[in-house]
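Participant: Sharing a structure below in structure tokens format, with a few things to ask.
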Amino acid sequence: MSSVLTLNQGRVSQAEHDLRVDLAAAFRLADRFGWSQLVWNHITARCPDNPNHFLINPMGVRWDEMTASLLVKVDVEGNTLEVIDGEGLVPKAGFVIHSGVFEARPDINAIVHTHTDDAVAVCALKDGLQPICMEALFFYNSMGYHPFEGTSMDTDERTRLAKSLGTNRAMIMQNHGVVTVGSSVGEAFVLMYWLERACRIQMKVLASNLPWTTVPEEIANHYSGQEDEPRDITDDFRPGVHEWPALKRLLDRDDPSYRGL
Ligand SMILES: [Zn+2]
């Protein structure tokens, strides 16, 4: 396999190269699943060689055309550090949302932020996401809520965003969109898959105009515990563990150009 490392005379470490490939894969897969919105919204990953740096999609690039080398490296203060390919302009709102989370949560290495129809619809509901299906239980007692402040262009909002997310694995930005976080690109991506499905199911249930039930609290708590503590590999439902390698194989079969350099 060719690599950024080779093409750029060693400017990028092997660890960063591998992360760039994973992050580019996340954009391609997100587009494939219908999560992209023209050239907007963002998926980011913390750089392995410096926790104060992260990779983000540059302005004006469609998610279906993302490659490892197009991703831009910035620091948490907003300085652009590394542009390997393309124009490398960093979207301000993306910087504000993602840098706030990376600064506040050293345990987080990847963030996905989307505006799909069903997710935004749930973001507009007064009571947010409801525990009505297994997909939603991934976020039981682990969902933050952030009041709408307009497009996130004010760096002051970073502190409030971090507080709204808290120690949760996802956040509903009210009247705006959703965020998932993870210790890896695969984990954040697969959590967004479950959140997207949960939102779609909830809106279908509401559209049915029929009475609905929620999962009892005791069962919801038990389910969450099962996911956190797999007994062995056959009951390991931790997001990304089994799904992420399989999803990358899908891309490699159909179009490996996301690795592209
Ligand atoms: Zn947004």
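Please treat every number below as a calculation from the coordinates, not as lab data. Since we're looking at a predicted model, the values are computed, not measured. Heads up, the Cβs are rebuilt from the backbone with ideal geometry, glycines too, and the neighbour counts pull from every protein chain shown.
Participant: With the cut-off at 27 Å, tell me which of the pairs Lys92/Lys248; Lys73/Lys248; Lys73/Lys163; Lys126/Lys204; Lys126/Lys163 have Cα atoms farther apart than that. Walk me through the numbers before you get to the answer.
Facilitator: Details: Lys92/Lys248 29 Å; Lys73/Lys248 22 Å; Lys73/Lys163 25 Å; Lys126/Lys204 17 Å; Lys126/Lys163 20 Å.
Table pairs above 27 Å Cα-Cα are Lys92/Lys248.
Participant: Take Ile56, Ile132, Ile97 and order them by how many other Cβ atoms sit within 10 Å, fewest up front.
Facilitator: Working: Ile56 23, Ile132 17, Ile97 27.
With the sparsest Cβ surroundings first, the list reads Ile132, Ile56, Ile97.
Participant: Something else about it: Order by neighbour count: Ser164, Ser99, fewest other Cβ atoms within 10 Å first, most last.
Facilitator: Fewest to most other Cβ atoms nearby, the residues stand as Ser164, Ser99.
Participant: Follow-up. At 7 Å along the Cα-to-beta-carbon direction for both Ala15 and His222, put a label point, then send me their distance in nm to one decimal.
Facilitator: 4.2
Participant: Could you state, as a whole-number percent, how many of the C-alpha pairs of the chain are farther apart than 30 Å? The partial results should precede the final answer.
Facilitator: Details: 8772 of 33930 pairs.
When all Cα pairs of the chain are counted, 26 percent exceed 30 Å.
Participant: What FRET efficiency would be calculated for the residue pair Asn52, Ala121, taking the C-beta separation as r and a Förster radius of 45 Å, to the nearest 0.05? Before the final figure, lay out the partial values.
Facilitator: Values: r = 36 Å, r/R0 = 0.80.
Efficiency for this residue pair is about 0.80.
Participant: Could I have the simple spin-label model distance between Asn175 and Tyr145, label points 7 Å from Cα toward Cβ, reported in nm to one decimal?
Facilitator: Computed distance between label sites Asn175 and Tyr145 equals 1.4 nm.
Participant: Here is a follow-up. When the chain is fully extended, how far beyond the present Cα-Cα distance does Thr159 get from Thr214, taking 0.36 nm per residue of separation?
Facilitator: Numbers: separation 55, 0.36 × 55 = 19.80 nm, distance 3.29 nm.
In short, 16.5 nm is gained.
Participant: Based on the Cβ-Cβ distance from Leu206 to Ser257, what FRET efficiency comes out when R0 is 51 Å, to the nearest 0.05?
Facilitator: So the FRET efficiency works out to roughly 0.80.
Participant: Assuming R0 = 22 Å, can you tell me the calculated FRET efficiency for the pair Ala246 and Ser183, based on Cβ-Cβ distance, to the nearest 0.05? Mind dumping the intermediate values first?
Facilitator: Details: r = 19 Å, r/R0 = 0.85.
E between Ala246 and Ser183, to the nearest 0.05, is 0.75.
Participant: Work through the residues other than Thr44 whose Cβ is under 13 Å from its Cβ and net out their charges, Lys, Arg +1 and Asp, Glu -1. Each step should come with its number before you reach the end.
Facilitator: Numbers: positive: Arg20, Arg46, Lys73, Arg105; negative: Asp22, Asp75, Glu103.
Summing Lys/Arg as +1 and Asp/Glu as -1 gives +1.
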